[in-house]
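Before any comments, here is the structure.
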Amino acid sequence: MKFAASKTLKRAGASALVASFMLTATGCGYIYEQPTTIIYSASDGQMANLGDEDIQLRNIMVISSGEAEEGRLLGTILNKTDENATVTLAFPTETVTVDVEANSEVRLEDEDQATTLAETGANPGMTLMDVKVSSNVTDASTTFNVPVLDGSHDEYAPYLPNAASASASASEEADR
(Lines give C-alpha, C1' and ligand atoms only; values in the text may rest on other atoms or scores of the structure.)
Protein backbone atom coordinates (compact mmCIF):
# COMPACT_ATOMS: atom_id res chain seq x y z
CA MET A 1 0.00 0.00 0.00
CA LYS A 2 2.83 2.34 0.83
CA PHE A 3 4.24 1.79 -2.65
CA ALA A 4 0.93 2.79 -4.33
CA ALA A 5 0.58 5.95 -2.22
CA SER A 6 4.06 7.15 -3.09
CA LYS A 7 3.34 6.49 -6.77
CA THR A 8 0.22 8.69 -6.52
CA LEU A 9 2.21 11.37 -4.72
CA LYS A 10 4.90 11.24 -7.39
CA ARG A 11 2.28 11.72 -10.12
CA ALA A 12 0.64 14.58 -8.22
CA GLY A 13 4.03 16.20 -7.65
CA ALA A 14 4.96 15.85 -11.32
CA SER A 15 1.60 17.32 -12.36
CA ALA A 16 2.08 20.26 -9.97
CA LEU A 17 5.59 20.81 -11.34
CA VAL A 18 4.35 20.79 -14.95
CA ALA A 19 1.46 23.15 -14.04
CA SER A 20 3.79 25.60 -12.28
CA PHE A 21 6.20 25.50 -15.24
CA MET A 22 3.36 26.20 -17.69
CA LEU A 23 2.08 29.07 -15.54
CA THR A 24 5.58 30.51 -15.32
CA ALA A 25 6.15 30.17 -19.07
CA THR A 26 2.80 31.64 -20.11
CA GLY A 27 1.75 33.70 -17.10
CA CYS A 28 3.64 36.78 -18.22
CA GLY A 29 0.83 37.32 -20.70
CA TYR A 30 -1.34 38.42 -17.79
CA ILE A 31 0.96 41.25 -16.77
CA TYR A 32 2.65 42.05 -20.09
CA GLU A 33 0.95 44.47 -22.48
CA GLN A 34 0.73 42.77 -25.85
CA PRO A 35 2.35 44.87 -28.62
CA THR A 36 -0.49 44.05 -30.99
CA THR A 37 -2.94 45.86 -28.69
CA ILE A 38 -0.97 49.12 -28.68
CA ILE A 39 -2.19 51.76 -31.15
CA TYR A 40 0.73 53.61 -32.72
CA SER A 41 1.85 55.15 -36.00
CA ALA A 42 3.51 52.28 -37.80
CA SER A 43 4.73 54.36 -40.72
CA ASP A 44 6.79 57.52 -41.19
CA GLY A 45 3.87 59.86 -40.53
CA GLN A 46 1.82 60.51 -37.42
CA MET A 47 -1.84 60.09 -36.55
CA ALA A 48 -4.39 62.14 -34.65
CA ASN A 49 -8.12 61.96 -33.92
CA LEU A 50 -10.72 64.64 -33.34
CA GLY A 51 -13.83 64.04 -31.27
CA ASP A 52 -14.84 60.44 -30.80
CA GLU A 53 -12.64 59.52 -33.78
CA ASP A 54 -15.11 61.41 -35.99
CA ILE A 55 -12.22 63.01 -37.87
CA GLN A 56 -9.11 60.85 -38.27
CA LEU A 57 -5.73 61.92 -39.59
CA ARG A 58 -3.46 59.07 -40.65
CA ASN A 59 0.21 58.98 -41.68
CA ILE A 60 0.49 62.79 -41.74
CA MET A 61 3.92 64.11 -42.76
CA VAL A 62 5.56 66.94 -44.69
CA ILE A 63 8.02 66.34 -47.56
CA SER A 64 10.52 69.15 -48.08
CA SER A 65 14.12 69.84 -49.06
CA GLY A 66 14.80 72.42 -46.35
CA GLU A 67 13.56 74.61 -43.51
CA ALA A 68 12.90 77.70 -45.64
CA GLU A 69 11.64 75.63 -48.59
CA GLU A 70 8.16 74.61 -49.67
CA GLY A 71 6.74 71.45 -48.14
CA ARG A 72 4.09 69.02 -49.41
CA LEU A 73 1.60 67.71 -46.87
CA LEU A 74 0.95 63.96 -47.22
CA GLY A 75 -1.39 61.57 -45.45
CA THR A 76 -5.07 60.70 -45.28
CA ILE A 77 -7.89 62.55 -43.54
CA LEU A 78 -11.08 60.59 -42.86
CA ASN A 79 -14.46 62.10 -42.03
CA LYS A 80 -16.70 59.56 -40.28
CA THR A 81 -19.57 62.02 -39.76
CA ASP A 82 -22.69 62.71 -41.80
CA GLU A 83 -21.60 66.32 -42.37
CA ASN A 84 -19.06 67.81 -44.75
CA ALA A 85 -15.99 68.83 -42.75
CA THR A 86 -13.35 71.49 -43.07
CA VAL A 87 -10.23 70.30 -41.26
CA THR A 88 -7.80 73.02 -40.23
CA LEU A 89 -4.12 72.30 -39.57
CA ALA A 90 -2.24 75.17 -37.91
CA PHE A 91 1.46 74.69 -38.64
CA PRO A 92 4.12 76.96 -37.08
CA THR A 93 4.53 78.82 -40.39
CA GLU A 94 0.96 78.88 -41.73
CA THR A 95 -2.52 77.38 -41.51
CA VAL A 96 -4.01 75.10 -44.17
CA THR A 97 -7.54 73.77 -44.58
CA VAL A 98 -8.72 70.56 -46.20
CA ASP A 99 -12.36 69.94 -47.15
CA VAL A 100 -13.56 66.37 -46.57
CA GLU A 101 -17.02 65.26 -47.66
CA ALA A 102 -19.28 63.37 -45.25
CA ASN A 103 -18.35 59.72 -44.69
CA SER A 104 -15.35 59.88 -47.00
CA GLU A 105 -11.62 60.45 -47.04
CA VAL A 106 -9.09 62.72 -48.69
CA ARG A 107 -5.73 61.31 -49.72
CA LEU A 108 -3.28 64.18 -49.79
CA GLU A 109 -0.97 62.15 -52.06
CA ASP A 110 -3.45 62.57 -54.92
CA GLU A 111 -2.52 65.41 -57.26
CA ASP A 112 -5.99 66.95 -57.09
CA GLN A 113 -5.61 67.14 -53.29
CA ALA A 114 -2.03 68.49 -53.26
CA THR A 115 -1.55 70.77 -50.25
CA THR A 116 1.68 72.75 -50.05
CA LEU A 117 3.18 74.83 -47.25
CA ALA A 118 4.98 77.94 -48.53
CA GLU A 119 7.70 77.40 -45.92
CA THR A 120 8.20 74.23 -43.92
CA GLY A 121 9.74 75.72 -40.79
CA ALA A 122 11.89 72.66 -40.06
CA ASN A 123 14.65 70.79 -41.85
CA PRO A 124 14.05 67.23 -43.05
CA GLY A 125 14.63 64.81 -40.21
CA MET A 126 13.11 67.20 -37.70
CA THR A 127 9.58 67.45 -36.37
CA LEU A 128 7.06 70.28 -36.57
CA MET A 129 6.00 70.57 -32.96
CA ASP A 130 2.46 71.24 -31.76
CA VAL A 131 0.55 71.31 -35.03
CA LYS A 132 -3.02 72.14 -33.98
CA VAL A 133 -5.86 70.32 -35.74
CA SER A 134 -9.50 71.34 -35.56
CA SER A 135 -12.68 70.87 -37.57
CA ASN A 136 -16.02 72.56 -38.04
CA VAL A 137 -17.93 69.33 -37.21
CA THR A 138 -16.36 68.57 -33.83
CA ASP A 139 -15.93 70.71 -30.75
CA ALA A 140 -12.57 69.07 -30.15
CA SER A 141 -9.12 70.09 -31.23
CA THR A 142 -5.79 68.44 -30.63
CA THR A 143 -2.11 69.05 -31.19
CA PHE A 144 0.37 66.55 -32.54
CA ASN A 145 3.88 66.48 -33.96
CA VAL A 146 4.36 66.13 -37.71
CA PRO A 147 7.65 64.78 -39.11
CA VAL A 148 9.43 66.52 -41.98
CA LEU A 149 11.01 64.10 -44.45
CA ASP A 150 13.11 64.67 -47.55
CA GLY A 151 12.93 63.14 -51.00
CA SER A 152 15.92 60.83 -50.52
CA HIS A 153 13.56 57.86 -50.23
CA ASP A 154 12.28 56.84 -53.65
CA GLU A 155 8.68 56.66 -52.43
CA TYR A 156 8.76 60.32 -51.33
CA ALA A 157 10.83 61.87 -54.13
CA PRO A 158 7.83 62.53 -56.42
CA TYR A 159 6.14 64.53 -53.65
CA LEU A 160 8.90 67.08 -53.20
CA PRO A 161 7.51 70.46 -54.24
CA ASN A 162 8.85 71.34 -57.69
CA ALA A 163 9.95 67.71 -58.18
CA ALA A 164 8.06 67.44 -61.47
CA SER A 165 9.52 70.66 -62.87
CA ALA A 166 13.01 69.71 -61.64
CA SER A 167 12.86 66.31 -63.36
CA ALA A 168 11.49 67.93 -66.54
CA SER A 169 14.40 70.42 -66.54
CA ALA A 170 16.86 67.57 -66.05
CA SER A 171 15.33 65.71 -69.01
CA GLU A 172 15.59 68.80 -71.20
CA GLU A 173 19.26 69.25 -70.23
CA ALA A 174 19.98 65.60 -71.07
CA ASP A 175 18.37 65.99 -74.51
CA ARG A 176 20.71 68.87 -75.47
(message) Please count how many residues of region 121-176 are modelled with pLDDT under 90 and assigned to a helix (DSSP H, G or I).
(response) 13
(request) Sort out which residues of region 42-78 are part of a loop (DSSP other than H, G, I, E, B) and more than 20 Å from Asn136 (Cα to Cα), and write them in order of number. (result) Ala42, Ser43, Asp44, Gly45, Ser65, Gly66, Glu67, Ala68, Glu69, Glu70
(request) Considering only residues that are hydrophobic (A, V, I, L, M, F, W, C) and over 16 Å from the mean Cα position of the chain (by Cα), look in region 110-133 and name the one that is surrounded by the most Cβ atoms within 10 Å (Cβ to Cβ). (result) Leu117
(message) So Thr95 passes all but one of these: (1) modelled with pLDDT under 90; (2) in contact with a Ser or Thr (Cβ under 8 Å, 6 or more places away or on another chain); (3) over 23 Å from Ala42 (Cβ atoms). Which condition number does it fail?
(response) (1)
(message) Restricting to region 79-112, name every residue that is touching a residue at least 40 places away in the same chain (Cβ under 8 Å), assigned to a strand (DSSP E or B) and not β-branched (Val, Ile, Thr).
(response) Asn79, Ala85, Leu89, Ala90
(request) Specify the residue that is farthest from the chain's Cα centre (by Cα); the eligible residues are those in region 74-97 that are more than 16 Å from Leu50 (Cα to Cα) and aliphatic (A, V, I, L, M). (result) Val96
(message) Just the residues that are in contact (Cβ under 8 Å) with a residue 12 or more places away in the chain, among the aliphatic types (A, V, I, L, M) and loosely packed, with under 14 Cβ neighbours inside 10 Å, please, taken from region 33-78.
(response) Ala68
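The values are calculated or read from the model by the stated rules, or taken from the named source; none is laboratory data. Here the structure is a predicted model, which means the values were calculated and not measured. We place every Cβ from the backbone using ideal geometry, glycine too, and count neighbours over all the protein chains shown.
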